[in-house]
1. Just checking, how many residues over segment 133-159 are modelled with pLDDT of 95 or more and either of a type in the set (A, V, I, L, M) or part of a helix (DSSP H, G or I) (or both)?
2. Residues being modelled with pLDDT under 95 and not in a loop (DSSP other than H, G, I, E, B): count how many of those fall in segment 162-188.
3. Taking the options GLN51, GLN45, name whichever one is polar (S, T, N, Q) and either at pLDDT below 95 or buried (at least 20 other Cβ atoms within 10 Å of the Cβ) (or both).
4. Could you grab me the full set of residues in segment 12-37 that are in contact with a strand residue (DSSP E or B) (Cβ under 7 Å, 6 or more places away or on another chain), without any contact (Cβ under 8 Å) to a residue 60 or more places away in the chain and over 19 Å from LEU145 (Cα atoms)?
5. Taking only segment 228-245 into account, find how many residues are over 18 Å from VAL178 (Cα atoms), assigned to a strand (DSSP E or B), touching a residue at least 24 places away in the same chain (Cβ under 8 Å) and among the hydrophobic types (A, V, I, L, M, F, W, C).
6. Just to be sure, is ASP35 surrounded by 15 or more Cβ atoms within 10 Å (Cβ to Cβ), at positive phi and either touching a helix residue (DSSP H, G or I) at 6+ places or on another chain (Cβ under 9 Å) or of a type in the set (Asp, Glu) (or both)?
7. Name the single residue that is surrounded by the fewest Cβ atoms within 10 Å (Cβ to Cβ) among those in segment 54-79 being more than 20 Å from ALA115 (Cβ to Cβ) and among the polar types (S, T, N, Q).
Amino acid sequence: MVAHLSDCHVDDGPEPLERLRRTLDAVRAVGTAVDLVVLTGDVAQDGRAAQYRTVRQEFDRLHVPVVACPGNHDVREAFAEVVLAEPATGAAPLHRMHRRAGLAVLALDSTVPGADHGTLDPAVVDWAVAELADMDPAAPALVALHHAPLRWHPDQLRSLDAAGTAVLRSLLRAAPAVRAVLGGHFHHAMSGVLDGVPVLVAPSVAPRILPPWEPDGAVVDVEPGFAVHSVAPVGAPTSFFRRVP
């Protein structure tokens, strides 16, 4: 079982941290069924090390392995040092492979520094194939990235640009073990399909961004949320989306 959180946007104020704590309390309530937490970006509002340290302390109290990838609000150097507990890598994308509970997670860095949209470099396909090469072909894998390859409606650009979406399609063709793509960025529970592979977007911990057809403004302060994905060796995951009171 994978708990999937996204878009915490923790800053220096009390409200984002309080929302995160409520969400993690709800994850704890799921109990020992949760084997892994996947966090799909926008961990901190300003990408500062102090904000990441605050988030890291909260997730460490879960005592469950956490896999994280950066979003457009994150800063690679501080994210690497605090969230990934690795030396800073400069401008290089933070693609990482994680193996937890019989599951492989390809955590991809789709960020474009200074931009809201995301992309992927073609080199990530060969990297992913090499990372999965020594795995049991029957073992399931997930791709996690911030910029889900979806859009609000056909007239809008995808959060992951056309070039990045084409690269992700190539990756999925080259890595048939991938059972689903997990993403964030939209601040809503969403789902879609990319070349037959489910795309599952977690609701945000931060307040929601309304779809463009909603008349009442851009942001609404509703409950935080998260998803739980039950990943089987064969077939697509079964997903549950939960609001946190």
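1. 6
2. So the answer is 1.
3. Working: GLN45 fails: either at pLDDT below 95 or buried (at least 20 other Cβ atoms within 10 Å of the Cβ) (or both).
Residue meeting the stated conditions: GLN51.
4. Passing the criteria: only LEU17.
5. The total comes to 1.
6. no
7. GLN57
The values are calculated or read from the model by the stated rules, or taken from the named source; none is laboratory data. Small disclaimer: the values here were computed from a predicted structure and weren't measured. Glycine also receives a Cβ, built like all others from the backbone with ideal geometry; neighbour counts cover every protein chain displayed.
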